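**Q** What follows is a structure written as structure tokens; I'll ask about it next.
The values are calculated or read from the model by the stated rules, or taken from the named source; none is laboratory data. Model, not experiment: these values are computed from the prediction. Cβ placement follows ideal geometry from the backbone for every residue including glycine, while neighbour counts extend to all protein chains displayed.
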Amino acid sequence: MGSAVNGASAGVDERMKGFIDVWWLFDLFPSNGLMLLLPYLLQKHRAWSQCATRLFVVATPTTDLTKLKRLIQTLIAAGGIVVQVLALG
């Protein structure tokens, strides 16, 4: 029984590395910034603290992706969340 407890506690200290990906359909849900709350909260836990958040913003083909990316980065910076923004058309 002691080894099972030791094995279980070893898993608690493991830290994830990689990305937390968020996909945002901007034109359908323009006020859906709450989608970034989940990765923000996940990163507060030590197991996810080493992960970076990537935000994939999907827009219509007629959308100016450069302007959209700047707009999203401004909105996110105002919230104090560190996110890599990737705009896709």
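**Q** Pairs please, first residue from region 61-73 and in contact (Cβ under 8 Å) with a residue 40 or more places away in the chain, second anywhere and assigned to a loop (DSSP other than H, G, I, E, B), Cβ atoms under 6 Å, 6+ apart in sequence or on different chains.
**A** What qualifies is 68/59.
**Q** Please go through region 40-55 and give me each residue that is modelled with pLDDT of 90 or more and surrounded by 15 or more Cβ atoms within 10 Å (Cβ to Cβ), ordered by number.
**A** 42, 43, 48, 51, 53, 54, 55
**Q** Counting only residues that are aromatic (Phe, Trp, Tyr) and closer than 13 Å to residue 24 by Cα, how many does region 38-89 have?
**A** Result for region 38-89: 1.
**Q** Taking the condition of being touching a Gly at 6+ places or on another chain (Cβ under 8 Å) and modelled with pLDDT under 90, how many residues in region 63-75 meet it?
**A** Matching residues across region 63-75 total 2.
**Q** Sticking with this one: Against the definition (among the aromatic types (Phe, Trp, Tyr), at pLDDT 90 or above and in contact with an Asp or Glu (Cβ under 8 Å, 6 or more places away or on another chain)), how does residue 19 come out, yes or no?
**A** No; evaluated as a whole, the condition is false for this residue.
**Q** Those residues that are assigned to a loop (DSSP other than H, G, I, E, B) and either within 13 Å of the chain's Cα centre (by Cα) or among the polar types (S, T, N, Q) (or both), I need them from region 36-79; list them, please.
**A** Within region 36-79, 48, 49, 50, 60, 62, 63 qualify.
**Q** Separate question: Looking at region 27-39, is at least one residue modelled with pLDDT of 85 or more and of a type in the set (A, V, I, L, M)?
**A** Yes, because at least one residue in region 27-39 is modelled with pLDDT of 85 or more and of a type in the set (A, V, I, L, M).
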